[in-house]
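*Asks:* Here you go, one structure.
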Amino acid sequence: MRYVGAALIALGLALSGYLLMRHVALAAGPAGEYSDLCRAVFGTGCDAALKGPLAVQLGIPLSGWGMVYYGSLACLLVLGRLVGEGFRAEAAVAGLVLSLLGALASGALLATFVLGWSAWCPLCVIVHAINFALPPVLKSAAGLSWAEIGRRLAAAAAYIRGDTPADASAARWNVVGLFCAGLVAVVLYQWVLIEAVSRSPGGQDDFDPQKLATRFDASPLCEIPLGPDEARLGKPGAAVKLVVFSDFQCPGCARFSGELLDLAWDYRTQLQIVFKHYPLGTACNPSLKLDLHPLACEAARAAEAARRQGRFWEFHNALFASRRGVSLDEIARKLRLDVARFDADRQAAGVSDRVRSDVELGIRLGLDATPAVFLNGRRVHDLETRALRFLIERELDRDRQSGGMTGSPPARVAQAW
């Protein structure tokens, strides 16, 4: 069983390493440097999960925590073999305790998939399966009963409290071995942190507020009509408006949807967010030569049908978080919509007209990709969190300094109420 445990740890380390490199590449821009292994093997990508709101925890990507976790387990196994019998049992117990914590973490993360809080990620599921398999495998490899494991943990706790063990020299060597494993974990964490920060746009020392402001001010001021039936978040009539053209099949839009909800919460009394459809599918977007997202037009109509029942944003969140293969009717049932009305509305002429109107507006604005974001009528090209929030704060400052007149129509956004 020792070799089975080693193989599982090696596989977990390899998958975590791939997911980390993919995450870093996606954060830096197009991820062409690393092949999409997830899509090649399973037919569906893991990018939406890697760019989702839960993908980074305590400063580093979850895949980076996987590297720290498996690296620590590997170190314990190696030290247990190299140091000898004096440390082998303690290393096995420490590895077992660590694997139990890993299984608990995997259970919590799998729950986010089931509840629709995170996008589906097949490779992540394999990693979680490894974490569930490791505790019984490592216990079997250790050859210790639960009673013996309990006694060793109790002895370790007593040593930490200051009790003198029968064999003080052996205890000190055990501490040295565990310290070495902890040091490996710290080094891996620092490496992941440096890699993630240095390779992401937000972590590089190239954030130039003046350059960002100059580029934003140089963007053409566009007239973006807003009607009373738009999907909105935030304060009605807010002077600062963020208009987002999005596509429900677009991985970048899925990633940005989490940021959008954060903005809506953080600026709920100062900012209004308006959602507009721009599916990259030829079924409703005549500007396209290639059908990039064949299901996007149908998804846009479904979201509009959900809006007619007052559940647009719930449908928006569930649709971006859903895994491949989940039908629109399934999402509607999960949200307790009137499914018969939902099916009828998404075929209605008014719904198609709503989507077509947004698409025509996007074509007039010259949109070339999604998500496309306009802040008070000017296109925002840098959607990195720090840049976008800087521009929002700047527009809010302008509004305060001018006595609340900067966002008044039609200078920024033409409104039809």
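*Asks:* When the residues of the stretch 204-252 are filtered to those that are acidic (Asp, Glu) and crowded, with 17+ Cβ neighbours inside 10 Å, which remaining residue is nearest to GLY366 (Cα to Cα)?
*Replies:* Ranking the qualifying residues of the stretch 204-252, first place goes to ASP247.
*Asks:* Test CYS253 against the stated conditions and say whether it is in contact with a strand residue (DSSP E or B) (Cβ under 6 Å, 6 or more places away or on another chain) and in contact (Cβ under 8 Å) with a residue 12 or more places away in the chain.
*Replies:* yes
*Asks:* Something else: Somewhere in the stretch 285-298, is a residue assigned to a helix (DSSP H, G or I) and buried (at least 23 other Cβ atoms within 10 Å of the Cβ)?
*Replies:* yes
*Asks:* What are the residues in the stretch 96-116 that are within 23 Å of ILE149 (Cα to Cα) and touching a residue at least 60 places away in the same chain (Cβ under 8 Å), if any?
*Replies:* Passing the criteria: none in range.
*Asks:* Sort through ARG268, ARG323 and tell me the only one that's farther than 30 Å from ALA239 by Cα and modelled with pLDDT under 90. Give the steps one after another, and end with the answer.
*Replies:* On the way: ARG268 fails: farther than 30 Å from ALA239 by Cα.
Residue meeting the stated conditions: ARG323.
*Asks:* Still on this structure: Write out, first by first residue and then by second, each pair whose Cβ atoms fall under 7 Å of each other, whose residues are 6+ apart or on separate chains, and whose first residue, in the stretch 15-41, is at pLDDT below 80 while the second is of a type in the set (Phe, Trp, Tyr) and not in a helix (DSSP H, G or I).
*Replies:* Close Cβ pairs satisfying both conditions: ALA25/TYR34.
*Asks:* Output the number of the condition that ASP208 fails; it satisfies all remaining conditions of (1) under 22 Å from the mean Cα position of the chain (by Cα); (2) closer than 23 Å to GLY59 by Cα.
*Replies:* All conditions pass for ASP208, except number (1).
*Asks:* Of the conditions (1) modelled with pLDDT under 75; (2) surrounded by 22 or more Cβ atoms within 10 Å (Cβ to Cβ); (3) aliphatic (A, V, I, L, M), ILE9 satisfies every one except a single condition; which number is it?
*Replies:* (1)
*Asks:* Something else: Name the residue that is modelled with the highest pLDDT, counting only residues in the stretch 111-133 that are part of a helix (DSSP H, G or I) and over 22 Å from GLY71 (Cβ atoms). Break it down stepwise before answering.
*Replies:* Residues of the stretch 111-133 that are part of a helix (DSSP H, G or I), as a first pass: 111-114, 122-133.
The next check asks that each one be over 22 Å from GLY71 (Cβ atoms); those that pass are 111-114, 122.
Details: ALA111: 89, THR112: 83, PHE113: 78, VAL114: 80, PRO122: 86.
Only one residue tops the list, namely ALA111.
*Asks:* What are the residues in the stretch 273-293 that are under 16 Å from GLY252 (Cα atoms) and out of contact with any His (no Cβ under 8 Å at 6 or more places or on another chain), if any?
*Replies:* The answer is LYS276, HIS277, TYR278, LEU292, HIS293.
*Asks:* Okay, next question. Please find, among ASN285, ASN317, the residue that is polar (S, T, N, Q), at pLDDT 90 or above and under 23 Å from LEU361 (Cα atoms).
*Replies:* Within the list ASN285, ASN317, the selection yields ASN285.
The values are calculated or read from the model by the stated rules, or taken from the named source; none is laboratory data. In this text the structure is predicted, and so the values were computed from the model without any measurement. Note that we place each Cβ from the backbone using ideal geometry, even for glycine, and neighbour counts take in every protein chain shown.
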